[in-house]
Each structure stands twice: as structure tokens, then as C-alpha cells.
1. Considering only helices (runs of 4 or more DSSP H) fully contained in region 202-317, which possess at least 1 residues that are of a type in the set (Lys, Arg)?
2. Pairs under 7 Å by beta carbon, first residue more than 19 Å from Glu465 (Cβ to Cβ) and in contact (Cβ under 8 Å) with a residue 40 or more places away in the chain in region 366-377, partner within 16 Å of ligand 3 (Cβ to nearest atom) and aliphatic (A, V, I, L, M), six or more apart or different chains?
3. With the structure loaded, tell me whether Cys158 is over 17 Å from Gln288 (Cβ atoms), more than 15 Å from ligand 3 (Cβ to nearest atom) and modelled with pLDDT of 95 or more or whether it fails that test.
4. Being under 23 Å from Cys266 (Cα atoms), more than 16 Å from ligand 2 (Cβ to nearest atom) and either touching a Leu at 6+ places or on another chain (Cβ under 8 Å) or not assigned by TED's automatic domain parsing to the domain that holds Ala217 (or both) is the requirement here; does Val363 meet it?
5. Kindly indicate whether any position in region 188-195 is surrounded by fewer than 19 Cβ atoms within 10 Å (Cβ to Cβ) and assigned to a loop (DSSP other than H, G, I, E, B).
6. Give region 26-57 a look and list any residue that's over 23 Å from the mean Cα position of the chain (by Cα) and either outside any loop (DSSP other than H, G, I, E, B) or surrounded by 23 or more Cβ atoms within 10 Å (Cβ to Cβ) (or both), or say none.
7. Do you know which residues across region 9-53 are of a type outside the set (Gly, Ala, Ser), in contact with a Lys or Arg (Cβ under 8 Å, 6 or more places away or on another chain) and under 19 Å from Met115 (Cα atoms)?
8. Count, please, the residues in region 105-134 that happen to be within 16 Å of ligand 3 (Cβ to nearest atom) and either hydrophobic (A, V, I, L, M, F, W, C) or not in a helix (DSSP H, G or I) (or both).
Amino acid sequence: MIQFLLNRELRTEHDLDPNITVLGYLREHLGKTGTKEGCASGDCGACTVVVGELDGERVRYRTLNACLTFVASLHGKQLITVEDLKHQGKLHSVQQAMVDCHGSQCGFCTPGFIMSLFALQKNSAGYDKGQTLEALAGNLCRCTGYRPIIDAAEQACCQPQPDQFDAFESETIARLKAIAPRETAELNSGDKRCLVPLTVADLAELYAANPDARLLAGGTDLALEVTQFHRELPVMIHVGHIEELKRIEVSDSTIEIGAAAVLSDCYEALSHEYPDFGELLHRFASLQIRNQGTLGGNIGNASPIGDAPPLLIALGAQIALRQGNSQRLLPLEDYFLDYKVTARQPAEFIEKIIVPRAAAHQVFRAYKVSKRVDDDISAVCAAFNLGIEDGVVTQARIAFGGMAATAKRASACEAALLGTSGSAQVIERACAALAEDFSPLSDLRASKEYRLLIAQNLLRKFFLEQQSPAIATRVTAYA
Ligand SMILES: Cc1cc2nc3c(=O)[nH]c(=O)nc-3n(C[C@H](O)[C@H](O)[C@H](O)COP(=O)(O)OP(=O)(O)OC[C@H]3O[C@@H](n4cnc5c(N)ncnc54)[C@H](O)[C@@H]3O)c2cc1C
Ligand code: FES
Ligand code: FES
């Protein structure tokens, strides 16, 4: 049984297909059709809803894509949809702002924009254009041209009106505390089950008993198997309610990130230590997906175009794996064996990711090349982590995504650079070595020739920027 608040109504679900997404649940199960389905793949934002979670003595509101969220992940939380905003016959101030600023034409995208604006208003202390563009980057509109919607954001953030969510906040907090999960929950229907453990020990035990289960973190990748490939996932174990897996701890030498920490929560620690990692996270999918997707899931799906793995490999990150009561540490570069093949054993899971902190003389840069700046997958993602002392390259860890079947180090390129001063001839030799390291494929994102040339040009760019930092642009998009 799982329990959650649908705005202020307590929902208790016993017999419900765990493969149903929140979008399917709202539209088909409850007949609440305000939340729209555009793409069913996380790209358009028409299905955006807001989920409220207890954060100490307040409720933290975050947007999610309902089309990528399985219902079990709502356990113990508050789901707010566009239908919940109007109160006592009066539009919410973000809805009124959209009306006043003419932010809606055909209206199909509007509920999604309204929910992104609602979360933006709740999370901001005034209007900030950068924050607004970030909040709206995961919402597409084919009609308005965005300017009126940005005007509506400005009005909504500059003139927020107290609303029913403020008025009922203490009641909501009390009710969320009352339904806070206390033991492993389960949502099932027929043979299909989704288990929701609360501790790592319970996860290890449940996974050992169900080694064929699929681990569900944010579901931003896994849900596509259901919505795009029409597969059924008979047994899932949701890791998103395990507090130990969501911790982020910074020590003198490492940043340890629980595998179920969502990408929005990873931002602060990683961007503080490695600004380019922060820039990359800004370019990672959309805010809705970063609020939901995890670092563990980004490694767990073993995608050759996942953005975090090349950066983590270049930084020399390790992962802690657990199977039953056994734990082991593995350098991330040894985790990826082949296309979607990893060193993970049956019933083994990623517990945390351990990232070394920055050292003296270390230069770390990352570049993402994609067709759009926002909400796009990399054609090539490059990470350079070099030790440079007195002008000499003393250490080199260089890794790429999009260049091979897995995220992978460029060993020949590294060897060509080590012990040198990075002269023009050395850089050209290192560029040639990239052709030994990688034989990329052509696909819809880029041709193999383009990929290799981009990788070589990024290496040249890295060294040019070392010589003239003024020309540096951090994470780069080429159209
Ligand atoms: C529209 C869209 C845009 C996207 N843009 C980007 C992008 O810009 N860059 C990018 O890199 N990715 C992108 N993605 C892919 C995806 O969002 C990320 O890979 C995300 O980090 C996955 O995390 P998750 O928590 O949602 O994983 P899930 O979907 O829950 O899981 C993914 C896989 O990892 C496994 N897994 C989860 N947790 C663990 C664990 N603890 N141990 C072992 N295995 C585990 C799952 O079983 C599953 O096989 C995008 C996806 C969408 C839909
Ligand atoms: S329906 Fe397009 S993002 Fe969910
Ligand atoms: S108003 Fe038509 S898609 Fe946005």
C-alpha cells in the first residue's frame, strides 16, 4: 500500500499497476485531464506537476515530468496538479499572470508552464531572468514565442499573492508527517510489484531475494521502457525513499554522493568544487528531470552518452557497490565494460559515488557539445583533468562520452601529453592519438568524422584556454 496527498486529499493505493505513470494515473485512473500528454518522454513539459516534500519544518516544491514518474515514488509526498491551483473561484496568481500577459494561445502547453511557474514562484524571492529561463527550459510552446510567458514569470515572481498552499502549510506539514513512510511499502497489481524500502540494508535484502528486479531511482530513463517501448516491468525496487542513499557528504579529501541523490541536490557540492561540473549540470536535461533523475541512475543506465560518467572518470571517481552484506569499491572507469554492460553483479547496486576533491595544480574543464543548449543529449562530452606544474603536464586524466560504446578514457592522448609542456606539436600529436583511442559511430546526433574532429578541437580549445583564460567559455553548445 502507498499513501500520498493529492493536494489536500489523502490517496491510499493498494491494487494499482506499478507500471502506471503519474500522468496515466491522473488522466486515465482519476479522469483529471488538466495535466497534458505531449511527448510521453520528458521532452515537452506538458505533463509538468509539482511534488511537495517535507524539508524540515517546511514543504519544498519541485517540478517533475508526470510522464516519467511512477506512482509508487509519490509515497509520503504531496502531488499538486494544475487543477489544484484555482481556489474559491479565483485563479492563482501565476494563472492570472499568464492571462494578463497573454502567455497562452492554443493552451496545450499551458498547464505545464503554469506548474513550472508555480514552483518558480514558490522557490524564488523575486524575479531573476536566469532562474526563470532555467525553470522554463523543460517546457516547450509552439505558439507564443515565449516572451509573454517570461513576462508572466516576471509578474508572478514580483507580485506573488498569498495562496491556499501558504494558508494550509501547517496542516500539510502535519499530514505529511502523519503519512511519512515507516517501513517498506509495496504497490502491486497481479504479478507486478514495486517495493519501496527505507534502508540500504532492506534494499540489499530485497534485491538479493528478487535479483531480476529493476532498480528504480528517478525513473527518467527506466520509465521510457514502459512509455516508449511498451515493455512491462514486473518487479521494481524504488531506491528514492532511502535517506542513506540521498546523502551528500564533503570531507577534506572527497565528496561522497549517495546514488539516489537527485541531480538538483548534487549541484551545490559539485559546482562549488568543480565549476565546470556545475555548468554541465545546468545543461543536463531540464529542471524537471534534474529534480528527479539521480547520479546513480546516470551511471546505472551505462549510456555511452551519459553526461556525468566522463567527468567522473576524468576526476578519478570511485563507486561503492553493495551486494547483500558485501561492499566493494571500484574505479568508475572499470565499471563500464561494453555497450550497456557493466561490472555490476546480480543483486549488486551502487551505493555511493566518491569524487576526489580538487588538488593544487589541478586544472579541470568539461565541454558538452549538443545541438541545443538546453534539454539535449550530448553528441560528444569531454572532460580534461590535468596536473600542470611549472608549465609541465604532470598528470593527465581525459575522458569522453559519445566517442565509444562506453564513457572512456583517452589513454593514448594522455600518454602523448604527459611530461610535456603542451607545445603546438605535442597538442597535434595528442589530437592524432585520439584517433587511436576512439573509433566513434555515426548516428542521428553526429557523424563519426564530426565526433572525432570535435574531440580533437576540444583538446585544442582546452590548451588555448590555458594560454588565454579570457577566451574560455565553459560548457559549450554548437548548433
Ligand atoms: C528528456 C530527457 C533528457 C535527458 N537528458 C540527459 C542529459 O542531458 N544528460 C544525460 O546524461 N542524461 C540525460 N537523460 C537521461 C536520464 O535523465 C539520466 O541518465 C538520469 O541521470 C537517470 O537517472 P534516474 O534516477 O532517473 O535513473 P532511472 O531511470 O531510475 O534508472 C536508470 C538505470 O539505472 C539503474 N539504477 C538506478 N539506480 C541504481 C543504483 N543505485 N545502482 C545500480 N543501478 C541503478 C536502473 O535500474 C536503470 O537501469 C535524459 C532523459 C530524458 C528523458
Ligand atoms: S508529456 Fe512531454 S514531458 Fe511529459
Ligand atoms: S500555447 Fe500552444 S503550444 Fe503553447
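1. Working: elements: 222-227, 263-273, 275-282, 287-290, 295-300, 308-314.
Answer list for region 202-317: 287-290.
2. Asp374/Ala137; Asp375/Ala137
3. Numbers: over 17 Å from Gln288 (Cβ atoms): yes; more than 15 Å from ligand 3 (Cβ to nearest atom): yes; modelled with pLDDT of 95 or more: yes.
Against the criterion (over 17 Å from Gln288 (Cβ atoms), more than 15 Å from ligand 3 (Cβ to nearest atom) and modelled with pLDDT of 95 or more), Cys158 qualifies.
4. Numbers: under 23 Å from Cys266 (Cα atoms): yes; more than 16 Å from ligand 2 (Cβ to nearest atom): yes; either touching a Leu at 6+ places or on another chain (Cβ under 8 Å) or not assigned by TED's automatic domain parsing to the domain that holds Ala217 (or both): yes.
So Val363 fits the description; yes.
5. yes
6. Leu26, Arg27, Glu28, His29
7. Taking region 9-53 first, the residues of a type outside the set (Gly, Ala, Ser) are 9-23, 25-30, 32-33, 35-37, 39, 43-44, 47-51, 53.
Cutting the leftovers down to in contact with a Lys or Arg (Cβ under 8 Å, 6 or more places away or on another chain) gives us 10, 17-19, 26, 33, 35, 37, 47, 50-51, 53.
Across region 9-53, the qualifying residues are Leu26, Thr33, Thr35, Glu37, Cys47, Val50, Val51, Glu53.
8. Keep residues of region 105-134 that are within 16 Å of ligand 3 (Cβ to nearest atom), which gives 105-117.
After this cut, where a residue has to be either hydrophobic (A, V, I, L, M, F, W, C) or not in a helix (DSSP H, G or I) (or both) as well, the list is 105-109, 113-115, 117.
Qualifying residue count for the region: 9.
The values are calculated or read from the model by the stated rules, or taken from the named source; none is laboratory data. What you see is a predicted model, and the numbers here were worked out from it, not measured in a lab. We place every Cβ from the backbone using ideal geometry, glycine too, and count neighbours over all the protein chains shown.
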